[in-house]
1. Which of the aspartates and glutamates could a cross-linker bridge to B:K158, judged by Cα under 12 Å and excluding same-chain residues fewer than eight apart?
2. Go ahead and set up a Gaussian network model of chain B, Cα springs under 10 Å, then flag whichever of B:A19, B:A55, B:A103 fluctuates most.
3. List the residues of the range A:218-253 whose accessible area drops by at least 20 Å² when all protein chains are present, compared with their chain alone, using a 1.4 Å probe and counting only protein heavy atoms.
4. Can you compute the charge dipole magnitude of the range B:88-172 about its Cα centre, using +1 on each Lys and Arg Cβ and -1 on each Asp and Glu Cβ, nothing else charged? Give it in debye, rounded to the nearest 20.
5. Would you tell me the accessible area of A:L34, worked out with a 1.4 angstrom probe on the heavy atoms of the protein chains, in Å² to the nearest 10?
6. Let me have the relative contact order for chain A, percent, based on Cα pairs under 8 Å that are six or more residues apart.
7. Count, for each residue of B:76-85, the Cβ atoms from other chains sitting within 10 Å of its Cβ, then give me the mean as a whole number.
8. Expressed as a whole number of Å, what is the distance separating the alpha-carbon centroids of the range A:36-105 and the range A:299-328?
Amino acid sequence: MARKLLLEHINVPGINTFDVYRSKGGYAAVEKALKTLTPEEIVEEVKKSGLRGRGGAGFPTGMKWSFLAKPEGVARYLVCNGDESEPGTFKDRFLMTYIPHLLIEGMIVSSFALGANTSYIYLRGEMMPQIRILEKAIAEAKAKGFLGKNILGTGYDLELYVQPGGGAYICGEETALLESLEGKRGNPRIKPPFPAIAGLYGCPTVVNNVESIAAVVPIINDGGEEYAKIGIGRSTGTKLISAGGNLKRPGVYEIELGLSAEEFVYGDDYCQGIANGKRLKAVVAGGSSVPILPANLFLKTINNEARLMSYESLSDGGFATGTMLGSGGFIAYDEDQCIVRNTWNFARFYHHESCGQCSPCREGTGWMEKVLHRLEYGHGKMSDIDLLVDVSKKIEGNTICPLGDAAAWPVASAIRHFRDEFEWHVTSAYEATTRNYGLAHYADPLNAVVA
Amino acid sequence: MLSVQNTDTPVTFSPELKAKFADVVSRYPAGKQKSALLPVLHLVQAEYGWVSAPAMDAVAEYLSIQSIEVYEVASFYTMYFLKPQGKYMLEVCRTGPCEIVGATPIMEHIEQQLGVKEGDVTEDGLFSWRGVECLAACGFGPVLQIGPEYTFYENLTKESVDTLISDLRRKAGN
Ligand SMILES: Cc1cc2nc3c(=O)[nH]c(=O)nc-3n(C[C@H](O)[C@H](O)[C@H](O)COP(=O)(O)O)c2cc1C
Ligand code: SF4
């Protein structure tokens, strides 16, 4: 069985309460960190662990922490990003619902390491139940002396608050999140300055994903070097993958990075294959923003090597034939799914969620949605396909925040790998409204598709 | 596009509600009370069912900010209702992962059962429904949520939707 660092005790009855969590070794990382380590030593352990941000970008957490400015007499903040709105991603909600103290423990250790005395956990507003769960966990931890003034008699003070958003995907982008936490519209800021220099209220701030912060707990307990032994290459440790779509057993799985993609989809310990005896057509491996891949290219790289669930292997082949691990939001599409419809659905999502600050994103996402809608509903033209590629290229790289790229990539990749399906929507427009294109050749052995 | 809807009903917050506001404001450094805006708007909506212009004006006054600062926020975020809704607002996820496991048929069924279009309110004032974007429950789709507590209903079928609607009717005493 694979090692579990985050979800090991997930099935223990009452693990959501302080007492049961503590009886399973919970809050040992707080004791170790506050009583035996200096903030610098904690940052060093996190660096050694090789932990990379679990929110999507995969930026090394220890390095991010070491960039935090420390001017005299200025408050520093740690803000946990629990906005979790990337389609396909539902791991943070799961973690906070079932084992909330793991996040609280991670927040205490991380805040101590960064020298923050007030920290916020920003959750998307729809997570009202999780807000209640976390507030209860915070109250319990505080009552036991793990939060508040003079924690465990060490002289370290920390107040922890949960902040709800208002329903906006863009607030997952870290500077939009900070704007939102300041009570404003979620318009991303122009960088630089980066939050590490000027973040919340203009003060040095670190923003980290829920899972990244939770991972600090096993890193401190076992040591960064031990953590780094798990996984493969620069993809160290374990990762939560939230698997949805047409799977026999969807859900949240903690995997050791480097697990084979095939094992993840078909293995008994994981998703157990495709639901209803269907075949796999396509996969979005890391949340809606990453390039979609046909089944064959997802399971094998272009060099016919087994694809692994790791940052490097998933991006093997670049955007031509690879994708990204992203947030770990895994979506499986069976043979009955229409790629054009799915691409239109995602384009609508990004158009709806664009904050509207940059014209390429605001106008481009709307344009792509409109063109995809007409392709899906049988009014498309052949030239629409290249028009979409053109629009997506004009958005990519030309916006303030990466939402523009995130909107462009799913469209560009769908056309790159499924162009014949788009063309069929034009040449057989009526038929395309009555049936779907099917599996076609998307699961064929690779040498047959890649000339 | 949403627009702020006016109403003649003046709004004065109850002492209980104001106590909740004060608790929120205490979470931020002095002078940063504007940070309380989103949570306070949630509290207002939970109390009144929606956020009217007078309610926003009262929030602005409470937080010592301009009304426009409240309007621009309330209209940016999708969770705030700028006009009255049904007592139960059924919000169905319509994004990719839910769509491929049958979100559209569920929305069509809800529309048929309630007899109102997306965004409209049933005659008895009990229900509204709308499609919303990804709710981070992609493994358990189709899903819907109902505020103000944002309770989730997962793995929806037409039958489970029917049961939910009749349960809510009973709960409301109809
Ligand atoms: C449009 C957009 C949405 C994002 N949504 C999230 C999110 O929901 N949760 C998250 O942790 N990071 C999200 N991110 C990434 C954050 O900007 C940031 O990189 C991350 O929170 C850093 O934490 P990490 O280093 O621990 O991953 C998003 C980024 C963009 C551009
Ligand atoms: S890229 Fe889109 S979402 Fe990001 S700042 Fe520009 S308009 Fe807003």
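1. B:E108, B:E111
2. With Cα springs under 10 Å in chain B, the top fluctuation among B:A19, B:A55, B:A103 is at B:A19.
3. A:G245, A:N246, A:P250
4. Numbers: 7 positive and 14 negative charges, 22 e Å.
Approximately 100 debye in magnitude.
5. Probe radius 1.4 Å; accessible area of A:L34 about 20 Å².
6. On the way: 942 pairs, mean separation 71.0, N = 451.
Computed value for chain A: 16 percent relative contact order.
7. Numbers: counts 12, 9, 8, 9, 3, 0, 0, 0, 0, 0.
If you average over the peptide's residues, the count of other-chain Cβ atoms is 4.
8. About 25 Å separates the Cα centre of the range A:299-328 from the one of the range A:36-105.
The values are calculated or read from the model by the stated rules, or taken from the named source; none is laboratory data. Quick caveat, the model's predicted, so the values are computed rather than measured. All Cβ positions, even for glycine, are placed from backbone atoms using ideal geometry, and neighbour counts span all protein chains on display. Remember, those area values only see protein heavy atoms, side chains included, never the ligands or the DNA or RNA. Shrake-Rupley method; radii C 1.70, N 1.55, O 1.52, S 1.80 Å.
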